[in-house]
Amino acid sequence: MATDIKHPAWLPRAFRPTPSLLRQSRAFTRSVLGADLDKALRIPGWLHADQAALLCYVAGICPDGPIVEIGSFKGKSTVFLAKGMKATNKLYAIDPHIFTKIGSRQDRAAAKHSDNGSDSGETSWSTFNSTLETWVITDKVNIIRKFSYDARADFDNAIAMLWIDGDHAYDAVRKDIEDWVPLTMPNGFVAFHDTHPKHLGYPGGSVLSAIKDSGMLDSGDFESFLQLRNAWILRRVPK
Ligand SMILES: C[S@@+](CC[C@H](N)C(=O)[O-])C[C@H]1O[C@@H](n2cnc3c(N)ncnc32)[C@H](O)[C@@H]1O
């Protein structure tokens with residue numbers, strides 16, 4: 001298995017060999033999406049092609065059960081997850097779809113005073129829905145239009161794959177880890193986006209710091225499945 005030890009994230013990309021898992025992921029994603037791959041990669045969002053491929057592949061190899069996405073935006077990662085997963089998985093896409101600028105402080109402040117159900121046309125909500133229709137995945141996705149911390153109370157199933165790409169502030173990531181990671185099943189996956197140490201100018205990289213400080217790496221419950229510079233996938237080891 002490729003790990004961050006064999007393919008350290010600190011090494012410039014040009015000097016790192018392509019991990020075999022990444023090659024497999026690219027091949028799997030090409031086989032699933034075929035000629036539509038380029039079109040899927042053009043869905044608005046921040047997901048790099050290799051990150052999208054990894055998500056698609058891991059959705060295809062994770063255990064049966066729910067796949068939970070925290071942070072859908074306009075549906076780019078939703079499409080790669082839904083296209084990769086098996087019929088025995090169901091995707092739960094959690095996002096309040098109220099922000100006009102991703103994670104901006106102004107939006108967060110405004111959200112506190114807004115009606116979560118409103119759709120000004122400027123948020124990700126309408127585009128997200130048309131993305132699901134365009135890619136014919138509406139039936140595979142349970143939309144949960146809430147913040148992850150509010151959605152948690154209604155969810156207590158064991159999770160086969162958890163994709164955390166919502167609020168990237170340190171405290172928010174810690175909260176998502178605390179709320180959702182314990183639900184992952186043995187051999188289930190936890191994937192994080194924006195794990196680059198310099199991500200978005202947050203000192204120290206808020207997502208990376210939150211993962212490290214959460215204790216999940218030291219718990220012995222998780223192994224690194226594949227770490228790219230800006231995405232990290234861990235797998236819960238069987239007891
Ligand atoms: C970086 S975008 C997600 C990008 C998406 N995964 C993609 O591939 O294009 C972050 C999203 O998280 C949502 N978000 C912010 N805080 C959240 C929270 N606490 N729970 C769920 N979603 C959240 C925002 O509304 C935004 O759409």
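The values are calculated or read from the model by the stated rules, or taken from the named source; none is laboratory data. Being a predicted model, the structure only gives us computed values, none of them experimental. We place every Cβ from the backbone using ideal geometry, glycine too, and count neighbours over all the protein chains shown.
When you check Ile143 against the structure, is it assigned to a strand (DSSP E or B), among the aliphatic types (A, V, I, L, M) and more than 22 Å from Pro19 (Cβ to Cβ), yes or no? Yes; evaluated as a whole, the condition is true for this residue. Restricting attention to the range 40-51, the residues being within 8 Å of the ligand (Cβ to nearest atom) and crowded, with 20+ Cβ neighbours inside 10 Å number 3. The lone criterion from (1) in contact with an Asp or Glu (Cβ under 9 Å, 6 or more places away or on another chain); (2) at pLDDT below 95; (3) buried (at least 22 other Cβ atoms within 10 Å of the Cβ) left unmet by Leu228 is number (3).
So, in the range 199-213, of the ones that are within 16 Å of the ligand (Cβ to nearest atom) and not aromatic (Phe, Trp, Tyr), which residue ends up surrounded by the most Cβ atoms within 10 Å (Cβ to Cβ)?
Let us first name the residues in the range 199-213 that are within 16 Å of the ligand (Cβ to nearest atom), namely 199-202, 205-208, 210.
This time we only want the ones that are not aromatic (Phe, Trp, Tyr), so: 199-201, 205-208, 210.
Working: His199: 18, Leu200: 13, Gly201: 7, Gly205: 21, Ser206: 22, Val207: 29, Leu208: 22, Ala210: 26.
This residue is Val207.
If the condition is being part of a helix (DSSP H, G or I) and at pLDDT 95 or above, then the range 126-140 contributes Phe128, Asn129, Ser130, Thr131, Leu132, Glu133, Thr134, Thr138, Asp139, Lys140. Counting just the residues of the range 62-74 that are touching a Gly at 6+ places or on another chain (Cβ under 8 Å) and assigned to a loop (DSSP other than H, G, I, E, B), which one comes out farthest from the ligand (Cβ to nearest atom)? Applying the filter and picking the extreme gives Pro63.
Just to be sure I understand, how many residues within the range 165-198 are within 22 Å of Leu81 (Cα to Cα), of a type in the set (Gly, Ala, Ser) and outside any strand (DSSP E or B)?
1
Remark: pairs (first residue in the range 91-106, farther than 23 Å from Asp179 by Cα; second residue modelled with pLDDT of 65 or more; Cβ separation under 6 Å; 6+ apart in sequence or on different chains) = Thr100/Glu122; Thr100/Thr123. So in the range 75-100, with the set limited to residues that are within 21 Å of Arg42 (Cβ to Cβ), surrounded by fewer than 24 Cβ atoms within 10 Å (Cβ to Cβ) and near the ligand (Cβ under 9 Å from one of its atoms), which one is modelled with the highest pLDDT? Only one residue fits best here, namely Lys76.
For the range 199-239, enumerate the residues that are part of a helix (DSSP H, G or I) and out of contact with any Pro (no Cβ under 7 Å at 6 or more places or on another chain). Before you say what the answer is, go through the steps one by one.
Pass one, the range 199-239, residues part of a helix (DSSP H, G or I): 199-201, 206-214.
If the condition is that a residue be part of a helix (DSSP H, G or I) and out of contact with any Pro (no Cβ under 7 Å at 6 or more places or on another chain), then His199, Leu200, Gly201, Ser206, Val207, Ser209, Ala210, Ile211, Lys212, Asp213, Ser214 are the ones that fit.
Picking from residues in the range 163-190 that are within 12 Å of the ligand (Cβ to nearest atom) and closer than 18 Å to Tyr57 by Cβ, the one that is surrounded by the most Cβ atoms within 10 Å (Cβ to Cβ) is Trp163.
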